[in-house]
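Shown next, in structure tokens, is the structure this report addresses.
Just so it is clear, none of the values below were taken in a lab; they were calculated from the coordinates. Remember, predicted model here, so these are calculated numbers, not experimental data. Every residue, glycine as well, gets a Cβ built from its backbone with ideal geometry; the counts of neighbours run over all protein chains shown.
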Amino acid sequence: MISPHIGITNYHVLNADRVNVIYKNGEYFKIIEILDYSEENELDYIIFKTEYQSSTYLTISEERPRIGEDIFAIGSPQGLENSLTKGAVSAFRGKERIQIDATIDHGSSGGPLFNLKGEVIGITSSGLGTGSELNFAIDIQSLPYKKYIQN
């Protein structure tokens, strides 16, 4: 039996009403269960369980980043998979949004935003204009993921 694992991305990436598989390393893995979500016009996140089995996972930071802190984003802008961009935290917009200057384009939504320790600090979500350095991520600390993971 494959043990389920937790995934987090943007609601608008999966659109919880229609998608039931996720693509990883050339293979498809079913989404077993939608655990929690906030629609696109709200916070725009979705937390789900997959049948994907692995002993490796991403570490989530216990702390909020600081303004000026270096960050890295991984996404698939314009369909170019696993593209890495770097930048810094520019500001916080409310309790849920991190403003960043790392470039993200269409296709980068839902990717992880990392600190220098390699810990996830956010989920890239939007930008103002293509190739802009005025972009946003959802602060991972604002999501209710802790109740779905086992320590």
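Can you flag which of K30/K86; K86/K117; K86/K146 are past 22 Å Cα-Cα?
Among K30/K86; K86/K117; K86/K146, the Cα-Cα distance tops 22 Å for K30/K86; K86/K146.
If r is the Cβ-Cβ distance from A91 to L116 and R0 is 22 Å, what FRET efficiency results, to the nearest 0.05?
Computed FRET efficiency for A91 and L116 comes out at 0.70.
What's the long-distance tail for segment 70-142, i.e. % of Cα pairs beyond 15 Å?
That tail contains 42 percent of the Cα-Cα pairs.
Calculate the all-directions average of the projected area of segment 30-151's alpha-carbon convex hull, and give it in nm².
If I average the Cα hull's projected area over directions, I get 7.8 nm².
List residues of segment 58-75, by number, whose backbone nitrogen lies under 16 Å from a label position 7 Å along Cα→C-beta of D101.
66-73
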